[in-house]
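Visitor: I'd like to ask you about the structure that follows.
The values are calculated or read from the model by the stated rules, or taken from the named source; none is laboratory data. What you see is a predicted model; the values in this text were computed from it and never measured. Glycine also receives a Cβ, built like all others from the backbone with ideal geometry; neighbour counts cover every protein chain displayed.
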Amino acid sequence: MDFDRRTMLQGAAVASGLLLASAAPARAGVARREPGWIVGKMTGAMAVVETLLQEGCDCVYGIPGAQENELWDAMKTKGLPYLLCTHEFSASAMADGYARATGKPGVLAVVPGPGVTNSLSGIGEALIDSVPLVAIVGDIAQGEKFRPFQVHCLDQVALLKPVTKGVYHVEHVSQIAAAIRQAFELAMAGEPGPVAVVIPYTLLVDTHDFKTPPADVIGTPFDEKCFIEAMKILKETRWRVGIYAGQGCLDYSESLVRLAEVLQAPVATSVSGKGVIPDCHPLSVGWGYGSHATGAAERIFAPMIPTEKIDVLLAIGVRFSEVSTGYYNMPKIPRVIHVDANTCNLGKVLRTDVAVHADAGAFIARALEFTPALKREPDKKLLDRIKKAKEDDLRRNSKIEAMHGADPMQFILTLRRVLPEDGLVFVDVTVSEHLAAEAFPVFKPRTYFNPTDNQAMGWSIPAALGAQKVMPGRAVVTITGDGCFLMSGMEISTAGRENLPVKFFIFDDQAYHYMQRLQKAAYLRTTATILARMDYSAYAQAMGVGYLEIDSTSKLEAGIRAAMAYPGPVLVRVIVDYRDRKIRWIDAVARRYLREMTPAQTTRFLARLGSRAVDFQPAND
Ligand SMILES: Cc1ncc(C[n+]2csc(CCOP(=O)(O)OP(=O)(O)O)c2C)c(N)n1
Ligand SMILES: [Mg+2]
């Protein structure tokens, strides 16, 4: 990419004192507790907690340390819930899972040095995936109390800067409440993202007489001129519109569906937009709209027959990122309207005719005011084509290919049948994420989650725990590869300790199958992809959670039902057999990579394949 994601999100300046961040446009629509003033004499630690409570924080995820003990003690005193995790990667992923599920900023608290560096992968995931976080980060003593060679004396601010929208470095106890409030505001403003507040530990015990007002609301610009341009195009009722909706629409699902019905526009979504329209809606075509995504989306957005084509693409709250588009694999549509809360996303990937800088919800609400002019009659032929294309996808996906274990695609279809509509699914960085994006229908916003653009392996286990902690009545499951499990599996001990009833489905193929798929095609052998044979039953027992095993396709339904009925956390080893099941995303991406190779690269590539093809005993490891 030729741009810096952090700069794009703005608010980029590191604040010394409380100078931060250029004003990013605020997002409307998410209900937040109206915060009042922070008033009274208290310690810095108490001010942190009081501010978090006022901002509506339900839970802080993290691990205490010498520099943060004062803070954790204050949380207990003031009754602010917290969840102790086993590693700070989990702290950031838990806060991320919380934020995606609730729509509110997730909060983590970590110590300086290793606490910060451990948390960076998850904070980076939140940055690239537009998830609001507030990281409360300890720091070594500064100012008069500074001494050389303190423990954890890394440059916390410099470490956090590239993975956040902004960093507030607090220099005096009096600044604590304002810094945290501004961090909440900035995290949600415009395109959401993570913000850090770095507090030297000595300030937590200092006292101050606080009188801190609510943070200034960062305004929401609405580009009226471009909006009118967009309406001019949409009013051409002879043109068929297709909507591509992203995460920016998650809080405006009902109005988005209404707009789609007014326009009679088929709706495709990005991966993180899954759920903005119920997949059972007659206009929903599922994920993506190219050859990498659902067959239905491709057939409707890139049809063979010219009279069936889409004339206008209306992209709302979406970025056309590499993963969602299968390596920028977008069928050409003659006219493109792109709406986004962050100007830096507009027209960045796709040539755009009209770029509307606006919050998705505000745009949709305004567009609905033009209903009489935009209205199209239902097109029975289109609706029939969508229905037929979805049925064909289901038929193709229902074909069982596995022979020595469970079929992963059958798992995905069966899980959907068993899981309640409001159940939460956290899908990790396994090759099955692409199968799930394609074949797992989502019926409600904020119920399907995937670390889409940083692809941080191991994310699903802590992210699911973060959400389950504040949503005790909801069914929460993970779809986790065995490689991902080995990265964050220790966090399952937290489920056992707290009795958080997440169902951890671990796809055991003793391999990085994803890498094997990519490597086999390119090198005719695999390197560094084979994982340990594990005793999952012993592991579950050690972690204090229940255990189940599914070793064939025929046992999927009963196994998943048994897991869901289990009253506590349970680890389910699903022995999967991928065979060479077609994965549309991988095939589409491979085709595009090949097309982009230079003639010299292609020659070298083919020569290597040729020489390896005669090696009958390829060394795979
Ligand atoms: C932290 C991290 N390291 C490495 C990768 C590269 N990577 C992507 S998928 C994958 C393998 C995942 O293995 P597993 O969880 O077993 O799922 P499977 O590939 O078998 O479906 C790897 C190594 C990554 N995305 N994140
Ligand atoms: Mg695997």
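Visitor: Picking from A475, A521, A511, which residue would you name as being touching a residue at least 24 places away in the same chain (Cβ under 8 Å) and within 15 Å of F426 (Cα to Cα)?
Guide: Details: A521 fails: within 15 Å of F426 (Cα to Cα); A511 fails: within 15 Å of F426 (Cα to Cα).
Selected residue: A475, the only one of A475, A521, A511 that is touching a residue at least 24 places away in the same chain (Cβ under 8 Å) and within 15 Å of F426 (Cα to Cα).
Visitor: Continuing with this model, one more query. Please enumerate the residues belonging to the stretch 30-52 that are at pLDDT 95 or above, out of contact with any Lys or Arg (no Cβ under 7 Å at 6 or more places or on another chain) and closer than 19 Å to A189 by Cα.
Guide: Answer for the stretch 30-52, where residues must be at pLDDT 95 or above, out of contact with any Lys or Arg (no Cβ under 7 Å at 6 or more places or on another chain) and closer than 19 Å to A189 by Cα: just L52.
Visitor: So R147 clears everything in (1) basic (K, R); (2) crowded, with 24+ Cβ neighbours inside 10 Å; (3) more than 21 Å from the chain's Cα centre (by Cα) except one condition, right? Which one?
Guide: Here R147 meets the rest and fails (2).
Visitor: With the structure loaded, tell me whether R417 is over 21 Å from D535 (Cα atoms), more than 15 Å from ligand 1 (Cβ to nearest atom), part of a loop (DSSP other than H, G, I, E, B) and charged (D, E, K, R) or whether it fails that test. It would help to see each step written out before you state the result.
Guide: Values: over 21 Å from D535 (Cα atoms): yes; more than 15 Å from ligand 1 (Cβ to nearest atom): yes; part of a loop (DSSP other than H, G, I, E, B): no; charged (D, E, K, R): yes.
Judged against the criteria, R417 is not a match.
Visitor: Right, another one. Have a look at I316, I300 and point out the one that is among the aliphatic types (A, V, I, L, M), within 24 Å of the chain's Cα centre (by Cα) and at pLDDT 95 or above. Walk me through how you get there before you give the answer.
Guide: Working: I300 fails: within 24 Å of the chain's Cα centre (by Cα).
Just a single option satisfies the conditions, and that option is I316.
Visitor: G568 - would you say it is in a loop (DSSP other than H, G, I, E, B) and away from ligand 1 (no atom under 16 Å from the Cβ)? Lay out the reasoning, then the answer.
Guide: On the way: in a loop (DSSP other than H, G, I, E, B): yes; away from ligand 1 (no atom under 16 Å from the Cβ): yes.
Taking the combined requirement at face value, the residue satisfies it.
Conditions (1) touching a strand residue (DSSP E or B) at 6+ places or on another chain (Cβ under 6 Å); (2) of a type outside the set (F, W, Y); (3) modelled with pLDDT of 95 or more; (4) more than 22 Å from G246 (Cα to Cα), marked per residue:
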site	(1), (2), (3), (4)
L415	no, yes, yes, yes
E421	no, yes, yes, no
L424	yes, yes, yes, no
V427	yes, yes, yes, no
R446	no, yes, yes, no
F449	yes, no, yes, no
A456	no, yes, yes, no
A475	no, yes, yes, yes
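Visitor: T220 fails exactly one of the following numbered conditions: (1) at positive phi; (2) in a loop (DSSP other than H, G, I, E, B); (3) in contact with an Asp or Glu (Cβ under 9 Å, 6 or more places away or on another chain). What is the number of that condition?
Guide: Answer for T220: the failing condition is (1).
Visitor: Look at the stretch 571-621 and say how many of its residues are outside any helix (DSSP H, G or I), in contact (Cβ under 8 Å) with a residue 40 or more places away in the chain, of a type outside the set (D, E) and over 30 Å from E438 (Cα atoms).
Guide: Count: 2.
Visitor: Another question about this same structure. Identify, by number, the condition in (1) out of contact with any Phe, Trp or Tyr (no Cβ under 8 Å at 6 or more places or on another chain); (2) more than 10 Å from ligand 1 (Cβ to nearest atom) that L518 doesn't meet.
Guide: (2)
Visitor: Here's another thing I want to ask about it. Looking at Y328, is it under 21 Å from R385 (Cβ atoms) and within 24 Å of the chain's Cα centre (by Cα)?
Guide: On the way: under 21 Å from R385 (Cβ atoms): no; within 24 Å of the chain's Cα centre (by Cα): yes.
Answer is no for this residue.
Visitor: May I ask you to verify whether S552 is without any contact (Cβ under 8 Å) to a residue 60 or more places away in the chain and more than 12 Å from ligand 1 (Cβ to nearest atom)?
Guide: In short, no.
Visitor: Taking the stated definitions as given, is I337 of a type in the set (A, V, I, L, M) and under 14 Å from R385 (Cβ atoms)? Even if it seems obvious, please write down each step before you answer.
Guide: Details: of a type in the set (A, V, I, L, M): yes; under 14 Å from R385 (Cβ atoms): no.
The answer is no for I337.
Visitor: Just one of R591, R595, R561, R584 is farther than 18 Å from I461 by Cβ and over 29 Å from the mean Cα position of the chain (by Cα); which is it?
Guide: Numbers: R591 fails: over 29 Å from the mean Cα position of the chain (by Cα); R561 fails: over 29 Å from the mean Cα position of the chain (by Cα); R584 fails: over 29 Å from the mean Cα position of the chain (by Cα).
Residue meeting the stated conditions: R595.
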